[in-house]
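Everything on this sheet refers to the single structure shown next.
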Amino acid sequence: MKKLTDIYRLFLAVIGLTLFCIKGAWAATIAITPGSARVGEAVTIQGSFSAAAQSARIDFGDGSQSSCFTSTPFSTTHQYRSAGNYTVTVTEYRAGAVPCVAALASINASVSIYDLLIDRVELTFPDGRGEASVEKDEEL
């Protein structure tokens with residue numbers, strides 16, 4: 001009975017190690033810089049896909065996608081046309097299949113796009129006491 005228990009434990013250890021290796025192999029990465037940007041400013045998306053994949057595609061979260069990447073690591077830039085918070089998704093595709101056809105796994109990251117940038121503020125006082133202005137990076 002002891003031998004059977006030892007064999008069973010060894011079997012569970014091998015299965016656990018196999019599952020750990022498979023799960024660890026599916027580890028796509030993604031980085032977005034800057035994490036927030038103005039409308040129209042270039043945002044860089046860099047990433048890599050796992051050893052279990054052969055290609056990847058980026059969904060920028062605004063209705064557009066990148067071309068198919070077939071080498072890793074990969075990098076591209078994107079410009080958002082309107083303000084908002086976007087979820088960027090990298091989907092990696094199965095090795096041995098036609099590139100960017102058989103989805104394997106996805107990973108998400110967020111980017112915030114804003115459209116208001118104040119370079120100068122001018123104040124006029126209604127009681128006629130004069131005017132004041134503040135330039136960008138200047139304290140009031």
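Brief remarks on what is shown
- Looking across segment 26-47 at every residue that is assigned to a loop (DSSP other than H, G, I, E, B), among the aliphatic types (A, V, I, L, M) and closer than 19 Å to LEU104 by Cα, the one that is modelled with the lowest pLDDT is identified as ALA27.
- Count - residues of segment 48-100 that are assigned to a strand (DSSP E or B), without any contact (Cβ under 8 Å) to a residue 60 or more places away in the chain and not aromatic (Phe, Trp, Tyr): 21
- Within segment 94-105, not a single residue is closer than 30 Å to VAL43 by Cα and either among the hydroxyl-bearing types (Ser, Thr, Tyr) or modelled with pLDDT under 65 (or both).
- Residue that is modelled with the highest pLDDT, among those in segment 106-122 that are loosely packed, with under 12 Cβ neighbours inside 10 Å and farther than 22 Å from GLY35 by Cα: GLU122
- Within segment 51-85, considering residues that are within 20 Å of LEU104 (Cα to Cα) and touching an Asp or Glu at 6+ places or on another chain (Cβ under 6 Å), the one surrounded by the fewest Cβ atoms within 10 Å (Cβ to Cβ): GLN65
- Segment 81-93, residues that are under 18 Å from GLY47 (Cβ atoms) and either out of contact with any Gly (no Cβ under 6 Å at 6 or more places or on another chain) or of a type outside the set (S, T, N, Q) (or both): TYR86, VAL88, THR89, VAL90, THR91, GLU92, TYR93
The values are calculated or read from the model by the stated rules, or taken from the named source; none is laboratory data. Note that the structure is a prediction, hence the values are computed from the model and not measured. Every residue, glycine among them, receives a Cβ derived from its backbone with ideal geometry; neighbour counts consider all protein chains shown.
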